[in-house]
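Okay, structure first, notes after.
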Amino acid sequence: MKAEANISLKARFFAGLLTLLKKLLSLTYRVESFEGQERWETILKENTPVLLTAWHNRVFYLSIMIKREIVRRGFKLAIMTSLSKDGQIGAAMGMISGARVVRGSPSRGGTEGFRRFYRLMKKEGYSIVILPDGSKGPKYEAKMGVVVMAQLTKCPIIPMSFSADRYWEIPSWDKMIIPKPFARISVVIGDDILVDRDADEQALESSRKSVEQVLMEMNARAKALISKG
Amino acid sequence: MSDKSETVLEVISKLANVSRDTLKPEMELVADLGIDSPKALQLLVELEEALDIEITDEEAARLESVGDILSMYESK
């Protein structure tokens, strides 16, 4: 299934508009602190496969940050968007960013989507973005996909978060955070989370909980950093 | 039962967390064994590795029961 084939003209139009809006907003943002910047630089420099992982409601600013690196350094990145109408817009935005787009979600086309992700990582060296509480939540509840993908590919999970001193909270299931114009931003990149290839079900569950815990701690850390500023 | 079938059943029983002896060909992967998308990926990757074969997307899409998997592997 090719992502391009399933995207309507309307979705492409909205994607273009939203991309422009994001670009304009991003020009006004000021990153005040960046914890884990050294690890981030290494990831971009090495360009070897990793699983960039963040809560769904943190994707707005993080996608701006990642897009910049796809354009600037040719960072090889794939994203998964759902097969819904909203997913079409996400897919179109991903393609505008220069990312490889895989369509699928746990409920529809999930296995096929996961297999494409797996092959892109193992055979073509792509990194992927996984939002472990997506695509429909519950908010801040990690699903098993991220740890299984890390287990099978033997690639590290890179937890990410950000906070802003002023932002809109969209009344969606995830309470998406969109920094307001001229917001001060803090970014946090966490330590790698590795999942053993031989992990059994209990170990996978433990890793899943660990991803949840780390991402929550990083939300708090990012918020603390911006509060200090 | 062939070695291939034995390997297939071992992998399924491990992932579904059920005893190898309780598996029956008519059992459905999702409804009876709780094989969701991440587990289905595990299943396909582990079977490809264990039996050194490649499963196409079309083949994977047709797999709905334990019997479907056994038939596919016997035919390879």
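Among the residues of the stretch A:169-200, write down those that are within 14 Å of chain B (Cβ to nearest Cβ) and exposed (fewer than 13 other Cβ atoms within 10 Å of the Cβ). Show your work before the answer.
First, pick out the residues of the stretch A:169-200 that are within 14 Å of chain B (Cβ to nearest Cβ): A:195-200.
Residues satisfying the conditions are A:Asp196, A:Arg197, A:Asp198, A:Asp200.
Those residues that are among the acidic types (Asp, Glu) and either in a loop (DSSP other than H, G, I, E, B) or modelled with pLDDT under 90 (or both), I need them from the stretch B:22-47; list them, please.
Start the filter on the stretch B:22-47 by keeping residues that are among the acidic types (Asp, Glu), which leaves B:26, B:28, B:32, B:36, B:46.
Within the stretch B:22-47, B:Glu26, B:Asp32, B:Asp36 qualify.
Determine which member of the set A:Met160, A:Met80, A:Met121, A:Met144 is under 14 Å from the mean Cα position of the chain (by Cα), modelled with pLDDT of 90 or more and of a type in the set (A, V, I, L, M).
On the way: A:Met80 fails: modelled with pLDDT of 90 or more; A:Met121 fails: under 14 Å from the mean Cα position of the chain (by Cα); A:Met144 fails: under 14 Å from the mean Cα position of the chain (by Cα).
Answer to the selection: A:Met160.
Taking the residues in the stretch A:134-153 that are more than 11 Å from A:Val211 (Cβ to Cβ) and small (Gly, Ala, Ser) as candidates, determine which candidate is farthest from the other protein chains (Cβ to nearest Cβ).
A:Gly137
Within the group B:Asp32, B:Asp36, B:Asp52, which residue is closer than 22 Å to A:Ala199 by Cβ and surrounded by fewer than 20 Cβ atoms within 10 Å (Cβ to Cβ)?
Values: B:Asp32 fails: closer than 22 Å to A:Ala199 by Cβ; B:Asp52 fails: closer than 22 Å to A:Ala199 by Cβ.
That would be B:Asp36, the only listed residue that is closer than 22 Å to A:Ala199 by Cβ and surrounded by fewer than 20 Cβ atoms within 10 Å (Cβ to Cβ).
Is it true that some residue in the stretch A:191-207 is farther than 17 Å from B:Lys39 by Cβ, touching a residue at least 12 places away in the same chain (Cβ under 8 Å) and touching an Asp or Glu at 6+ places or on another chain (Cβ under 8 Å)?
no
Mind checking which residues of the stretch B:64-75 are surrounded by 21 or more Cβ atoms within 10 Å (Cβ to Cβ) and either within 14 Å of chain A (Cβ to nearest Cβ) or in contact with a Ser or Thr (Cβ under 8 Å, 6 or more places away or on another chain) (or both)?
From the stretch B:64-75, those surrounded by 21 or more Cβ atoms within 10 Å (Cβ to Cβ) are B:66, B:69; that's our starting set.
Residue satisfying the conditions is B:Ile69 alone.
Enumerate the pairs (first residue in the stretch B:49-62 and more than 10 Å from every other protein chain (Cβ to nearest Cβ); second residue anywhere and among the β-branched types (Val, Ile, Thr) and in a helix (DSSP H, G or I)) with beta-carbon separation below 7 Å, excluding pairs fewer than 6 apart on the same chain, so at least 6 apart or on different chains.
Going by the 7 Å Cβ cut-off, the qualifying pairs are B:Ala50/B:Thr7; B:Ala50/B:Val11; B:Leu51/B:Thr7.
Out of the stretch A:51-77, which residues are surrounded by fewer than 21 Cβ atoms within 10 Å (Cβ to Cβ) and more than 10 Å from the chain's Cα centre (by Cα)?
A:Ile64, A:Met65, A:Arg68, A:Glu69, A:Ile70, A:Val71, A:Arg72, A:Arg73, A:Gly74, A:Phe75, A:Lys76
Check off (1) in contact with a Leu (Cβ under 8 Å, 6 or more places away or on another chain); (2) within 14 Å of chain B (Cβ to nearest Cβ) for A:Ile89 and give me the number that stays unchecked.
(2)
Can you report the number of residues in the stretch A:175-190 which are more than 16 Å from the chain's Cα centre (by Cα) and either in a strand (DSSP E or B) or within 12 Å of A:Pro156 (Cβ to Cβ) (or both)? Explain how you work it out, then say what you get.
From the stretch A:175-190, those more than 16 Å from the chain's Cα centre (by Cα) are A:179-186; that's our starting set.
Pick out the ones that are also either in a strand (DSSP E or B) or within 12 Å of A:Pro156 (Cβ to Cβ) (or both) and you get A:179, A:184-186.
Of the residues in that region, 4 qualify.
For the stretch A:29-38, indicate whether the set of residues that are at positive phi, buried (at least 17 other Cβ atoms within 10 Å of the Cβ), at pLDDT 90 or above and not hydroxyl-bearing (Ser, Thr, Tyr) is non-empty. Steps first, please.
Step one: of the stretch A:29-38, the residues at positive phi are A:36.
From what is left, the residues that are buried (at least 17 other Cβ atoms within 10 Å of the Cβ) are A:36.
Retained after the next criterion (residues that are at pLDDT 90 or above): A:36.
Filter once more, so that each one left must be not hydroxyl-bearing (Ser, Thr, Tyr): A:36.
Yes, there is a match, as at least one residue in the stretch A:29-38 is at positive phi, buried (at least 17 other Cβ atoms within 10 Å of the Cβ), at pLDDT 90 or above and not hydroxyl-bearing (Ser, Thr, Tyr).
All but one of (1) touching a Gly at 6+ places or on another chain (Cβ under 6 Å); (2) more than 14 Å from chain B (Cβ to nearest Cβ); (3) part of a loop (DSSP other than H, G, I, E, B); (4) not aromatic (Phe, Trp, Tyr) hold for A:Leu83, so report the exception by its number.
Against the list (1) touching a Gly at 6+ places or on another chain (Cβ under 6 Å); (2) more than 14 Å from chain B (Cβ to nearest Cβ); (3) part of a loop (DSSP other than H, G, I, E, B); (4) not aromatic (Phe, Trp, Tyr), A:Leu83 comes up short only on (2).
Can you work out which of the residues in the stretch A:108-133 that are assigned to a loop (DSSP other than H, G, I, E, B) and either within 13 Å of another protein chain (Cβ to nearest Cβ) or free of Cβ contacts under 8 Å to residues at least 12 places away in the same chain (or both) is surrounded by the most Cβ atoms within 10 Å (Cβ to Cβ)?
Narrowing the stretch A:108-133 to residues assigned to a loop (DSSP other than H, G, I, E, B): A:108, A:125-126, A:131-133.
If we keep only those that are either within 13 Å of another protein chain (Cβ to nearest Cβ) or free of Cβ contacts under 8 Å to residues at least 12 places away in the same chain (or both) too, we end up with A:108, A:132.
Working: A:Arg108: 15, A:Pro132: 23.
Taking the candidates together, the pick is A:Pro132.
The values are calculated or read from the model by the stated rules, or taken from the named source; none is laboratory data. Fair warning: this is a prediction, and the values are worked out from it, not measured in the lab. Note that each Cβ is placed from the backbone with ideal geometry, even for glycine, and that neighbours are counted across all protein chains shown.
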